[in-house]
1. On the protein heavy atoms, probe 1.4 angstrom, tell me the percent of accessible surface of chain B carried by carbon and sulfur.
2. Longer than 24 Å from Cα to Cα, which of A:Lys109/B:Lys59; A:Lys27/A:Lys104; A:Lys183/B:Lys360 are they? Say none if no pair is.
3. Based on Cβ point charges of +1 for Lys and Arg and -1 for Asp and Glu, what charge dipole magnitude is obtained for chain B about its Cα centre, in debye rounded to the nearest 20?
4. Hey, rough spin-label estimate for B:Ala150 and B:Tyr367, points 7 angstrom out along Cα→Cβ, what's it come to in nanometres?
5. Using a 7 Å offset from Cα along Cα-Cβ at A:Asp65, what residues in the stretch A:136-154 end up with backbone N under 11 Å from the label point?
6. In the Gaussian network model of chain B, springs joining C-alpha atoms below 10 Å, which of B:Thr202, B:Thr75, B:Thr145 carries the largest mean-square fluctuation?
7. Treating only the Cβ atoms of Lys and Arg (+1) and Asp and Glu (-1) as charged, compute the dipole magnitude of the stretch A:113-198 about its Cα centre; round to the nearest 20 debye.
8. Bin width 10 Å, alpha-carbon pairs only: give the P(r) of chain B as whole percents, running from 0 to the bin holding the largest distance.
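The values are calculated or read from the model by the stated rules, or taken from the named source; none is laboratory data. Just so you know, these numbers come straight off a predicted model, no measurement behind them. Methodologically, a virtual Cβ is constructed for each residue, glycine included, from the backbone with ideal geometry; neighbour enumeration extends over all protein chains shown. All accessible areas refer to the heavy atoms of the entire protein, side chains included, with ligands and DNA or RNA removed. Shrake-Rupley method; radii C 1.70, N 1.55, O 1.52, S 1.80 Å.
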Amino acid sequence: MKKIIAIAVGALLASGTGAALAQQDAKSLATGVCAACHGPEGHSISPVFPRLAGQQAAYIVLQLDAFRSHARGDPNAQAYMWGMASQLSDATMKALGDYYAAQKPAHEKPEYPDLLAEGKKIYTEGIPVQNVPACASCHGPKAEGAGAFPRLAGQHTDYLVAQLQGFQSGLRSNAPIMLGVVKTLSPEQMKAAATYAASR
Amino acid sequence: MRQGKLGTFIAAFAMAGGGLLLAPGSAQAVPSFARQTGFACEACHTVFPELTPFGRRFKMNAYTVDNLPQVSGMTQSKEQSLALNQLPPLSFMLQASYTSTKAAMPDSVVAGALAQNGQVQFPQQASLFYAGRIAPNLGAFVQMTYDGTAGTFGWDNTDVRYARMANDKFLWGVSVNNNPTVQDLWNTTNAWQSPFDQRSATAPSPGASTLLGGGAADMAGVTLYGSWNDTVYAELGGYRSAPAVGIPLDSTNTNVLNGFAPYWRLAYERQWDRSSWEVGAYGMTAKMFPGGGVALSGPTNKLSDWAIDSQYQYIGDQHLFSVMGTYLKEKQTWDAGGAANPSNDLKTLRVGASYYYQRKYGAALGYFSTTGTPDATLYASGTAVKGFANNLPDSKGWIAELDWVPYQNTKFALQYTMYNKFNGGDANYDGMGRNAKDNNTMYLLGWLNF
């Protein structure tokens, strides 16, 4: 608890205290710092901040690394995470990923229930005429994600929509596959797919 | 600010008869916090100086969240003994303004003549800040402000705090500060009030002010606070007179606190979706020796403030909306003299709402009201502009503002204040022919933080 506020964990690690401390401190870091936006155990309140509970560890590490290297540059990533991730070591990132992956995922009600049926179709079958593949093919039938492909189930619907918009506008460009997938999606289709995926 | 150059929302002049100086009212966002944390201003501010829920948490945590390379130290027991930013957390602030009142003010010397209307101030205020982490759990917000008249830098808002988590849910801390409410987390209270945090320094402003509405000056205090789960907040502390003097406080000083003046604060905050809502109460009781030639003993005058406040914020990616207000009731007991009545009431209400589009284009509207017991000594007639012909403290009016924030650290504001009542009256309120509406003020502000 001693270092709970100080995010100088990265500096500590650099001074040679090793990966064991990273593991031990991931929880302090998560509860003392990350929780300010991402909520206790990764259950955030505001859809500006993604829920991290149950997220794929590999995906979290990839994103933290992308924040640190500025490869992910959507407005909120710049405003919050560039600073946050700047002093994190690889070991700390891995420990944070493991910590959040081990938390119980949240449940999200269908945000736009009218679009649920359309969303299911997009998620499971894709939109062949628009060259949109099925989301399920990477994110899994239950939207649980796999490795570098993030969990979508239990995420804030509006956060997912914002990411899809970010991929389409190029604001968030660190996911080459998604940049292709979203090219032809309409705003309505984004909402539909996000509603279905988030409510799994 | 402590030199009394900057007007606060309602408070401006020394409390009539009381001689209390103007308290700090300026409000700043500080780029050194951004440099230290690596967060853009928008992480902690909707639009500066108003705090987001994360900004409140950053402040409560003693300004210690840090993402800079550190000069660090560690004890043999692996406890961090030093965590110093490699660069000092310094910032600079510059404000320039233009003020025009509906009717020109009377000349300060030549009877019957008028002063020039349309006052340029460059700078209106210039400040240097040390704001950031000092040690692992210790941080400070220290403001030095340039006094254009004296040509020197003086001490302004200061909040030094220590904070730590007792467990996952409970945080406690201590703040040492020089202005009650400067340590507060919400923008309803006086020191960092929003949306009208900045007012003209040269336009007339209503003369009656409460202790916690801007009348508390030259004090230093210690408060202990606790927050449970970012939901329930409680704070208790005390203030003592602390003017910059070379000898112990004596009869040459005025309004010297007798012992410690207790200050308390309770608040409940709930967050959901993109919204947060706070409801709270705060208060302070000050017993003061009038001084000013009289020995600091015997009876004291007592100001007892009790206030409620509430704040709602919606923070979306495109649209931001805030509403805040506070109602304050002050009971004054004049056992040591200085007023015509043995006791008086003074009540203030302040509400405001603001909207921003993409944190760039904003508009705000607010209402303010001061009412109280008539008192011929406290609210005396006989002075042009500042006088009270009806011996009433009452002032009421509306205020509107348009804002343009081209960059997160640069703000331009155009503000209009309209008085329905000023120092107890509407027409001829000062007994010298000035009407409340003559003080209606157009104010243009340019504000840079870097």
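1. Roughly 62 percent, rounded to a whole number.
2. As for pairs spanning more than 24 Å Cα to Cα, those are A:Lys109/B:Lys59; A:Lys183/B:Lys360.
3. With Lys and Arg at +1 and Asp and Glu at -1, about 260 debye.
4. With each label point 7 Å from Cα toward Cβ, the separation is 4.0 nm.
5. From the stretch A:136-154, the list is A:148.
6. B:Thr75
7. Dipole magnitude for the stretch A:113-198 comes out near 160 debye.
8. 4, 21, 31, 27, 12, 3, 1, 0
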